[in-house]
1. For an R0 of 25 angstrom, estimate the FRET efficiency from the Cβ-Cβ distance between Arg43 and Thr79 and round to the nearest 0.05.
2. If you rank Glu55, Glu5 by fewest surrounding Cβ atoms within 10 Å, what's the result?
3. Show me, for segment 65-77, the HN-Hα J-couplings you get by feeding each phi into the Karplus relation (A = 6.51, B = -1.76, C = 1.60, θ = phi - 60°), rounded to Hz, glycine and proline as x.
4. Report the dimensions of segment 19-93 along its three principal axes from the alpha-carbon atoms, largest first, rounded to Å.
5. Quick one: which residues, 5 or more positions from Ile58 or on another chain, have an amide H under 5 Å from its amide H? H modelled 1.01 Å from N in the peptide plane, none for Pro or chain starts.
Amino acid sequence: MSLDEQERRRRPYERDDDYRVMRFKTWCDSKGISVPTGRRLVRSGKGPRIVQLSERTIGVTVKDDREWTEARIRAAHSTDDQAACSTATARDRASRPRGQPGDA
């Protein structure tokens, strides 16, 4: 096995087209959002990193798009987990008779 193959197996999450750049409109279309919404995300710091392609053209690399999407998924899952925990805690409190240890 060559060194190149070994390196690829060690880092399967990296792809050959990581640095390919999508124009911003193409990126917005792929996410199902409008261009103004995409601009608002970027301006607020909640969007992916932007690459300046020319004076008036911006884009997003495939790698930055993937990292941004994964971060959004992780954030959604952590929010779901927190909501599930708080729901379970409220359910436990409601089912416990009053005057039991643990009441605040």
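1. 0.65
2. Glu55, Glu5
3. 4, 5, 5, 5, 5, 5, 5, 5, 5, 4, 5, 5, 5
4. Taking the Cα atoms of segment 19-93, the three principal extents are 59, 24, 19 Å.
5. Phe24, Leu53
Only the coordinates and a few stated rules stand behind these numbers; no lab work does. No experiment lies behind these values; they were computed from the predicted model shown. For neighbour counting, all protein chains shown are included, and Cβ atoms are generated from backbone atoms with ideal geometry for every residue, glycine included.
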